[in-house]
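Worksheet: one structure, shown below.
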Amino acid sequence: MTSTSSRPDAGLHALLAAFSACGATAGGGITRLAASPEDGQARDLMRDCLARISAEIRIDRVGNLFGLVPLAQNPHAPLVMLGSHLDSQTRAGRLDGTYGVAAALLAAEALVGEAQAGRMFSANLCVVNWTGEEGARFRPSLLGSGVYAGRRDADAALALRDEAGIALGEALAVIGYAGTDAPPPMPTCYLELHVEQGTVLEASGAVIGAVTGNWGAAKLDAVFSGAQAHTGPTPMADRRDALLGAAYAIADLRALADLFPGRLHTSVGRIRVAPNSANVVPDRVEIAAELRSADDALLAEATALAEVAFETAAARAGVAVSVPTRELRGIRALPAAVSDLVAACAEAEGLACRRLDTVAGHDALSLLERCPTGLIFVPSLGGIAHNEAEATAPRDLEAGLAVLTRAARRLCRAAGSPEIALQGESA
């Protein structure tokens, strides 16, 4: 494992700056792919922070990093969990995921100080960094949280390979995070603080977002198969160009979104071309397609239309197509008691709060239906996300930390129950 050269002070912005140095890019963002050396550096920094508050560190089989913080006198008291992820996309912003981990660490530090000063708590706290939320290096996304929640198999996750053929288990071992610890029990409540990655809060003037539900997402991997040939002498009529079929499909998928303006988002963000030579007609092209909507029926209809579009595109190019992988993340509501608690804490801090859905996926969604789960948003300037220019006003970052800390305090004084915590502050 690597080690950090200096420890950040207790300030949020200093801690974010320290994390941002792990995988910093020339454009002011970060590239910190899951289980990379840069990810290892960020994890080490998190461990340093956890050591400062005497947390018990656990690393499970897929590298999820937990810091157990005793607040209650009973070590078997209910558990409240806070966190997010440290991995990023390539050339990403410095806040996505990292902000939630940094804020969770500082909230834990504040509550430890209160416990040492004599304040009584009836729940213990856990800070978590989930492995592979982004899906940028090891697919699918929401990987570590999915394993913890029992939605994915640990052995299958560890066997996933990146573009270079390196397995997740191998990569975790290299950076020192191939763990063997048992993960903590499922919490009585999980809270995740995140930048919005949209413009709803900025447009409304609200500082805090209390997330009430998520858009659904359909993710389809399509493989177009043709015949490898020379790009020079091979007659155009004889070509079976897999890339041409994929190109038709990409354009058709974009046109599909225009049939449902504002209600459907579509994209193809990943393409693999073989043999990927300038003078060879491609014989195999893989694309990763996504469709997102807040309407279950519309998403189902659009997904069926997308598969028809793949077949039509392949036929037009004279190639074959298959869809070996289909994954659906359903539309679900987040527990009202948790979003109500977030709104109450925002009000107590004198901050404008708005209820909204999340269009992006987050680790919190993995824990839905496993425990009461909440997402807290702060505004993203211009809605920019997965981009080095991603930014949030410093005062809004501080506001999010204040709301997270207040909510965590109330939960840890209410045995982790959001319903009890909603009844009000206690001395």
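The values are calculated or read from the model by the stated rules, or taken from the named source; none is laboratory data. Please read all numbers here as calculations on a predicted model, not as lab measurements. Ideal geometry is used to build each Cβ from the backbone, glycine not excepted, and the neighbour counts take in all protein chains shown.
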Quiz item: Restricting segment 1-32 to residues that are of a type in the set (D, E, K, R) and in contact with a helix residue (DSSP H, G or I) (Cβ under 7 Å, 6 or more places away or on another chain), which is modelled with the highest pLDDT?
Solution: 32
Quiz item: If you check 221, 181, which single one turns out to be in the same structural domain as residue 89 (by TED's automatic domain parsing) and of a type in the set (D, E, K, R)?
Solution: 181
Exercise. Please give the number of the condition residue 368 fails out of (1) out of contact with any Ser or Thr (no Cβ under 8 Å at 6 or more places or on another chain); (2) surrounded by 23 or more Cβ atoms within 10 Å (Cβ to Cβ); (3) closer than 26 Å to residue 289 by Cβ.
Key: (2)
Self-check item: segment 245-254, residues that are surrounded by fewer than 22 Cβ atoms within 10 Å (Cβ to Cβ) and closer than 12 Å to residue 320 by Cβ
Solution: none
Exercise. For residue 400, indicate whether it is assigned to a helix (DSSP H, G or I), modelled with pLDDT of 95 or more and either surrounded by fewer than 16 Cβ atoms within 10 Å (Cβ to Cβ) or in the same structural domain as residue 203 (by TED's automatic domain parsing) (or both).
Key: yes
Exercise. Residues being of a type in the set (A, V, I, L, M), surrounded by 14 or more Cβ atoms within 10 Å (Cβ to Cβ) and farther than 18 Å from residue 291 by Cα: count how many of those fall in segment 313-335.
Key: 6
Practice problem: Search segment 218-244 for residues being out of contact with any helix residue (DSSP H, G or I) (no Cβ under 6 Å at 6 or more places or on another chain) and assigned to a helix (DSSP H, G or I), and hand back the single one that is nearest to residue 320 (Cα to Cα). | Solution: 242
Quiz item: Looking at (1) part of a loop (DSSP other than H, G, I, E, B); (2) loosely packed, with under 14 Cβ neighbours inside 10 Å; (3) not hydroxyl-bearing (Ser, Thr, Tyr), which is the one condition that is false for residue 260?
Solution: (2)
